[in-house]
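The block underneath contains the structure these notes are about, expressed in structure tokens.
The values are calculated or read from the model by the stated rules, or taken from the named source; none is laboratory data. Keep in mind it's a predicted model, so treat the numbers as computed, not measured. Quick reminder, even Gly has a Cβ in these numbers, built from the backbone with ideal geometry, and neighbours come from all protein chains shown. Surface accessibility is based on the protein's heavy atoms, side chains included, excluding ligands, DNA and RNA. Shrake-Rupley method; radii C 1.70, N 1.55, O 1.52, S 1.80 Å.
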Amino acid sequence: MGSRDDQPARGPKDSGTRSIGVLRQLASHLKTGRIRSTRLIEESLARIDASDLNAIVAVRREDALEDARLVDAALDRGADPGRLAGLPFLVKDIEDAAGLPTTFGSLLHAKAGAATEDGLVAGRLRAEGAILVGKTNVPEFAFEGYTANRLFGATDNPWARGRSPGGSSGGSGAALAAGLAPIATATDVGGSVRIPASLCGLVGLKPTVGLIGRDPILASLDLNSHGVLASTVADTRLLLGILSGPVGGDVGALPRWRADDPRPSPRLIATDRLVPGSAPSAPVARAFAATLEALSTALGQPIERVDPGRVFPGGYDADDWFRIVGVEQAHLLGRETVERDLDRFDLAFGRAMVAALAIPIGEHLDARQRRFRYARELDALLGETGLLVSPTLMAAGWSADGTLDGRSEPGLPGWVYNTEAVNLTGHPAISLPAGAFPDGLPFGIQVIGPRFGDSMLLDLAERWEAACAWPLLAPGYRPLAAALGGD
């Protein structure tokens with residue numbers, strides 16, 4: 001794995017926390033009275049107030065405390081308010097949560113009023129008793145792999161200050177890694193769950209597209225998905241079970257995920273990049289080689305190395321993601337808005353929208369049609385049992401404002417991601433911590449599964465976690481339970 005001499009040691013109770021997950025542990029403390037929800041929410045709010053990561057852009061304070069008092073009263077009566085009763089949660093600032101504005105990290109929505117209804121994910125979390133405490137920072141309209149915008153500024157990575165937590169769910173990733181709250185929502189249209197998972201030392205699952213319903217409709221519906229960011233695999237399983245399921249109006253929604261679905265023993269395949277072209281940076285290549293050796297040992301089975309050309313043997317056009325997502329984002333904004341408000345956009349986002357408006361409709365449709373070939377070829381490589389392992393990212397991170405080492409201005413080239421192709425095909429993919437680089441940034445591996453093979457990914461993740469457990473938080477940050485006298 002990627003090496004780091006000062007990587008924080010795991011505490012003596014860490015293995016117990018992992019076996020049930022951070023969320024179930026906290027829920028258990030609440031139900032037994034060891035911790036009160038009011039104290040948990042107060043601690044979460046205090047941490048948010050004290051944090052200088054710029055991960056949180058809006059706070060729900062008095063209403064959250066009132067919710068906590070109601071949960072405590074319900075628990076005192078012996079009622080069961082839900083699996084997440086009394087736990088604080090954060091919502092990514094492109095998703096609605098009643099009581100807080102949704103700004104999309106854009107000056108265009110700087111004066112947005114508070115949402116009056118929850119989006120699907122916030123609603124499903126609240127239905128299980130979780131308590132909304134705030135919104136997390138995003139790049140403008142969640143379009144970049146770093147979290148910075150002109151409305152709120154850049155978010156720092158708690159593992160390495162001045163470096164990015166990734167994007168577009170970077171505010172959620174930074175908040176989880178710093179222990180500001182145990183739940184933070186995330187979405188993924190090109191890697192927006194997996195990128196911050198890799199850079200923040202977290203588990204990041206992009207499920208099979210449609211497994212978590214979408215309401216309201218996300219941008220680029222065919223590629224976009226709600227996902228799960230979490231500290232442990234057990235938390236990821238729990239949240240997927242809560243969030244999955246169809247919703248009216250989503251024509252691509254799938255039946256609810258079943259944790260007990262039968263799954264075969266996997267065969268492991270590995271490649272250092274999903275498409276031919278730019279090779280991973282030297283630090284990434286070294287970390288990946290070491291991780292593959294450790295993974296093979298941990299799982300007790302060989303890993304077949306494949307050339308990137310075998311993933312999409314018919315060829316892969318790296319611009320197809322932008323031909324779809326860029327065009328659909330520009331269409332949602334509208335040509336008039338892009339042209340009128342160009343000087344209010346972040347520079348990189350504005351350039352992207354201008355370029356997207358210049359793409360002919362025929363190129364957009366051709367890219368959409370090529371998706372089906374990409375999906376078919378990945379289906380053929382994986383079959384029913386294959387799991388494809390790669391680095392999540394091709395570069396060892398970038399600055400908080402989105403400047404890649406060696407470049408002079410923000411804006412990341414497409415080659416840094418190993419993530420976009422899986423959004424085009426719709427397959428499930430998970431990013432797992434696999435050590436850290438010398439500068440402190442975590443290194444993550446991506447594992448891609450067969451369509452509907454989400455449980456296979458979680459099974460592998462569980463075995464990897466048992467063999468090579470990662471720190472639950474960034475160095476210097478304490479678990480919420482420990483601060484309140486819990487484990």
Report the normalised scattering of the stretch 13-88 as log10 I(q)/I(0) at q = 0.12 Å⁻¹, calculated by the Debye formula with identical scatterers on the alpha carbons. -0.37
Counting only heavy atoms of the protein chains, get the accessible area per residue of the chain (1.4 Å probe) and round it to a whole Å² value. 36
Bridge orientation stat for the chain from DSSP, antiparallel percent rounded to 5, came to 65
If amide hydrogens are placed 1.01 Å from N in the peptide plane, which non-local residues have theirs closer than 5 Å to the one on A270? E304, R305, V306, V389
Give the relative contact order (percent, whole number) for the chain; include only Cα pairs under 8 Å separated by 6+ residues. 19
Projecting each Cα onto the charge dipole of the stretch 394-465 (Lys/Arg +1, Asp/Glu -1 at the beta carbon, about the Cα centre), which of P410, W398, A461 comes out farthest on the positive side? A461
The stretch 204-245 - convex hull of the alpha-carbon atoms, volume per residue in Å³: 64
By how many nm would the segment from Q301 to R61 lengthen if fully extended, with 0.36 nm per residue of separation less the alpha-carbon distance? 81.4 nm
In order over the stretch 100-109: 3J(HN,Hα) from phi, Karplus 6.51/-1.76/1.60, θ = phi - 60°, whole Hz, x for each Gly or Pro, gives 10, x, 10, 9, 6, x, 10, 4, 4, 10
Note, the stretch 32-41: 3J(HN,Hα) by Karplus (6.51, -1.76, 1.60, θ = phi - 60°), whole Hz, Gly/Pro = x, goes 8, x, 5, 10, 9, 4, 4, 5, 5, 5
Largest-first ordering by accessible area, 1.4 Å probe, given options L30, L75: L75, L30
For a quick check: with amide H placed at 1.01 Å from N, whose amide H comes under 5 Å from I183's, ignoring anything fewer than 5 positions away on the same chain? L90
Between I361 and A79, the FRET efficiency computed from the C-beta separation at R0 = 45 Å comes out, to the nearest 0.05, as 0.20
When the Karplus curve 6.51 cos²θ - 1.76 cosθ + 1.60 is applied with θ = phi - 60°, which whole-Hz ³J(HN,Hα) does each residue of the stretch 303-308 get, with x for Gly and Pro? 10, 7, 7, 10, 5, x
How much length would be gained if the chain were fully extended between S265 and K111, taking 0.36 nm per residue of separation minus their Cα-Cα distance, in nm to one decimal? 50.2 nm
In terms of the alpha carbon gyration tensor, root eigenvalues a ≥ b ≥ c, rounded if a/c is under 1.5 and otherwise prolate when a/b exceeds b/c or oblate, the stretch 273-418 is oblate
Per residue and in cubic angstrom, what volume does the convex hull of the Cα atoms of the stretch 156-302 have? 153
From the C-alpha coordinates alone, can you work out the Kirkwood hydrodynamic radius of the stretch 20-167, in Å? 16.1
Rg(Cα) / (2.2 N^0.38 Å) computed for the stretch 350-397, rounded to two decimals: 1.68
For the chain, give the percent of accessible area contributed by carbon and sulfur heavy atoms, probe 1.4 Å, rounded to a whole number. 52
May I ask you to work out the translational diffusion coefficient for the stretch 67-125 at 4 °C, viscosity 1.567 mPa s, via Stokes-Einstein with Rh from the Kirkwood sum over Cα pairs, reported in whole µm²/s? 99
Does the stretch 111-239 classify as rounded, prolate or oblate by the C-alpha gyration tensor (a ≥ b ≥ c root eigenvalues; a/c under 1.5 gives rounded; else a/b over b/c gives prolate, otherwise oblate)? rounded
Output the Cα-based Rg and Dmax of the stretch 396-445 in Å, rounding Rg to one decimal and Dmax to a whole number. 13.0, 35
Could you tell me which of rounded, prolate or oblate describes the stretch 240-298, using a ≥ b ≥ c as the square roots of the eigenvalues of the alpha-carbon gyration tensor, with rounded for a/c under 1.5 and, failing that, prolate when a/b is larger than b/c and oblate otherwise? prolate
Report, largest value first, the span of the C-alpha coordinates of the chain along each principal axis, in whole Å. 62, 58, 44
Segment W415-A98, length gained on full extension (0.36 nm per residue, minus Cα span): 110.3 nm
Work out the FRET efficiency for R376 and V354 from their Cβ-Cβ distance, taking R0 = 35 Å, and round it to the nearest 0.05. 0.55
Could you list, bin by bin from short to long, the percent of Cα-Cα pairs of the stretch 169-251 in 10 Å steps? 20, 52, 26, 2
Expressed as a rounded percentage, what relative contact order does the stretch 58-113 have, with Cα pairs under 8 Å and six or more residues apart? 26
